[in-house]
Amino acid sequence: FSFRKLWAFTGPGFLMSIAYLDPGNIESDLQSGAVAGFKLLWVLMLATIIGLLLQRLAARLGVVTGLHLAEVCNRQYQKVPRIILWLMVELAIIGSDMQEVIGSAIAINLLSMGKIPLWGGVLITIADTFVFLFLDKYGLRKLEAFFGFLITVMALTFGYEYVTVKPDQKNLLKGLFIPYCQNCGTPQLEQAVGIVGAVIMPHNMYLHSALVKSRQVNRANKREVQEANKYFFIESCIALFVSFIINIFVVSVFAEAFFEKTNENVSAVCMNASSPHSSLFPNNNETLEVDIYKGGVVLGCYFGPAALYIWAIGILAAGQSSTMTGTYSGQFVMEGFLNLRWSRFARVLLTRSIAITPTLLVAIFQDVEHLTGMNDFLNVLMSLQLPFALIPVLTFTSLPSVMNDFANGL
C-alpha cells in the first residue's frame, strides 16, 4: 500500500460523492429526522453501503474496459433499449439539476434575508455553471480540489449545527445499528423510500465509470488494473464515509431538535425570537413539517441567527457542488449513447434551460413551499430511474466478454 499512489488516484470518488450531498439529500435527511427521529438512520447507512458497492462496480467497469457505462451500453444494446436508457438517464440528470437550482435559490434567499426573491436566486444559478466550466479549463485536479473545498464547507457548516444542537448519542447509535422503526406509519415509510432515492443516484454510476478514465492505467498489465481498482475503491470508501457523516449531522440535528414538535411550539419560539418568518408556522397542534427553507428558519428561531446563516451557507455549498457533477454526467451520457460530441457550453445550456424553466415558473407564480415540495417529487423520480442504471451495471460487470478476468461471479 502506498499513500502516494492513493493520492494519485484521489479525485473521481470525491466528485462522485457530491451526488450524496446535493440539496435533495439534505431535504430527505432533515425530513426523516423531523418525521421519524433517529429511527431511520440505519436505512441511510444501508443505502450508503449499497451505493458504495454499486459505485465500485461502475468504477471497475471504467478501469477494466477503458469505456464508461454509456459507451458500453452503446456497444452492447440494440437501438430501442439504448434510446430508452438514454432518455431515462437524461430525465434523472435534469431532475438532479432542478434540485441543485432549488437548493441554491433558497440558500440565496435566506442569506439575503429575503431581499433576493426566489426567482432571482433561480436566475443567479444559471450563471454559476458557466463559472465552473471556466474553472474546468485550468485542469481536472484543480476542479477536484475546489469541490473538495466545497465538501469541507458542508462538513464545517452542518457540523456546527450538530455541535450546537447536541443530539443524544445513545439514540443516534441505536438508530444506526438497530434496524427498527417502532410506531412508524405511512409518513415514516415514505421517508425511508425517499432516503434510498436521494442517496443512490442513477446517473452517478455513469459519471463514476467515466471519471476513473482520467487516470492513466496500462490495461494490458493485469497487476496495474488490480492496483487501480484497489485504490479507487479505497478512495470511494473514504469519500462516501465523509458524505455519510455529513448526512448524519443533518438527520441528527432535526431528530433531536424538531421530532414531534408542533406548529404551535415553533410559532411561539419564533415569535419570542422576533423572527420575521413567524407567519410560516400556523398556530395549531399539527406536527411540524419542515423543508430546506423552513429548516433554516426553525434553526434560526431556536439557536439564533448564526445557525440560520450557517445552514444557508451549507445548502449553497451543496447546491453549487452538485452543479458540475450533473454537467459532467450529461456530457458523458450524451457522448456515450449518441456519439454526439457537443461542447460543454452547449450541453449545459440545453439541460440547464430544461431544468430552469419549470423551477422558475414555480418560483414566480407559487410560494417557497411549492418550490421545496418539488424536491420530494424529484426524489421519487430518482427512485423510479434506478433500474435503468442498476441493470446495465450489474449485467456488464458480470460478463466475462466485457470484463475479461475481472468479471464478478454473481
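The values are calculated or read from the model by the stated rules, or taken from the named source; none is laboratory data. What you see is a predicted model, and the numbers here were worked out from it, not measured in a lab. Please note: Cβ atoms are built from the backbone with ideal geometry, for glycine as well, and neighbour counts cover all protein chains shown. Remember, those area values only see protein heavy atoms, side chains included, never the ligands or the DNA or RNA. Shrake-Rupley method; radii C 1.70, N 1.55, O 1.52, S 1.80 Å.
Worth a mention:
- Those residues of the range 199-216 which are in a loop (DSSP other than H, G, I, E, B) and out of contact with any Phe, Trp or Tyr (no Cβ under 9 Å at 6 or more places or on another chain), in sequence order: 216
- Qualifying residue in the range 65-78 (condition: surrounded by 20 or more Cβ atoms within 10 Å (Cβ to Cβ), hydroxyl-bearing (Ser, Thr, Tyr), closer than 24 Å to residue 215 by Cα and in contact (Cβ under 8 Å) with a residue 12 or more places away in the chain): yes
Yes/no per residue for (1) among the β-branched types (Val, Ile, Thr); (2) at pLDDT below 90; (3) within 30 Å of residue 85 (Cα to Cα):
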{"site": "31", "(1), (2), (3)": "no, yes, no"}
{"site": "35", "(1), (2), (3)": "yes, yes, no"}
{"site": "39", "(1), (2), (3)": "no, no, no"}
{"site": "48", "(1), (2), (3)": "yes, no, yes"}
{"site": "55", "(1), (2), (3)": "no, no, yes"}
{"site": "61", "(1), (2), (3)": "no, no, yes"}
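- Tally, over the range 258-306, of residues that are surrounded by fewer than 21 Cβ atoms within 10 Å (Cβ to Cβ), in a helix (DSSP H, G or I) and not hydroxyl-bearing (Ser, Thr, Tyr): 11
- Residue pairs meeting the criteria (Cβ under 7 Å; at least 6 apart or on separate chains; first more than 16 Å from residue 30 (Cβ to Cβ), in the range 193-205; second open to solvent by 10 Å² or more (accessible area, probe 1.4 Å) and of a type in the set (D, E, K, R)): none
- Qualifying residue in the range 157-177 (condition: assigned to a helix (DSSP H, G or I), open to solvent by less than 30 Å² (accessible area, probe 1.4 Å), farther than 30 Å from residue 256 by Cβ and polar (S, T, N, Q)): no
- Those residues of the range 386-410 which are open to solvent by less than 10 Å² (accessible area, probe 1.4 Å) and closer than 30 Å to residue 359 by Cα, in sequence order: 389
- Number of the condition not met by residue 50 [criteria: (1) part of a helix (DSSP H, G or I); (2) over 24 Å from residue 150 (Cα atoms); (3) over 17 Å from the mean Cα position of the chain (by Cα); (4) not basic (Lys, Arg)]: (3)
- Test result for residue 191, under 17 Å from the mean Cα position of the chain (by Cα) and either surrounded by 19 or more Cβ atoms within 10 Å (Cβ to Cβ) or not in a helix (DSSP H, G or I) (or both): yes
- Some residue of the range 217-228 being assigned to a helix (DSSP H, G or I), open to solvent by less than 10 Å² (accessible area, probe 1.4 Å) and touching a residue at least 24 places away in the same chain (Cβ under 8 Å): yes
- Residue count for the range 11-26 satisfying the condition of being more than 10 Å from the chain's Cα centre (by Cα) and open to solvent by less than 10 Å² (accessible area, probe 1.4 Å): 4.
- Taking each residue of the range 268-295 that is of a type in the set (Asp, Glu) and looking for partners that are surrounded by 14 or more Cβ atoms within 10 Å (Cβ to Cβ) and at pLDDT below 80 with beta-carbon atoms closer than 7 Å, six or more apart or interchain, yields 291/372.
- Scanning the range 1-23 for residues that are in contact with a Gly (Cβ under 8 Å, 6 or more places away or on another chain) and either modelled with pLDDT of 85 or more or assigned to a helix (DSSP H, G or I) (or both) yields a total of 3.
- So residue 103, is it open to solvent by less than 10 Å² (accessible area, probe 1.4 Å), of a type in the set (Gly, Ala, Ser) and either more than 29 Å from residue 309 (Cα to Cα) or touching a helix residue (DSSP H, G or I) at 6+ places or on another chain (Cβ under 8 Å) (or both): yes
- Any hit, the range 322-331, residues being exposed (fewer than 14 other Cβ atoms within 10 Å of the Cβ) and modelled with pLDDT of 75 or more: no
- For residue 251, the criteria (1) open to solvent by 50 Å² or more (accessible area, probe 1.4 Å); (2) part of a helix (DSSP H, G or I); (3) touching a residue at least 60 places away in the same chain (Cβ under 8 Å) hold in every case but one, which is (1).
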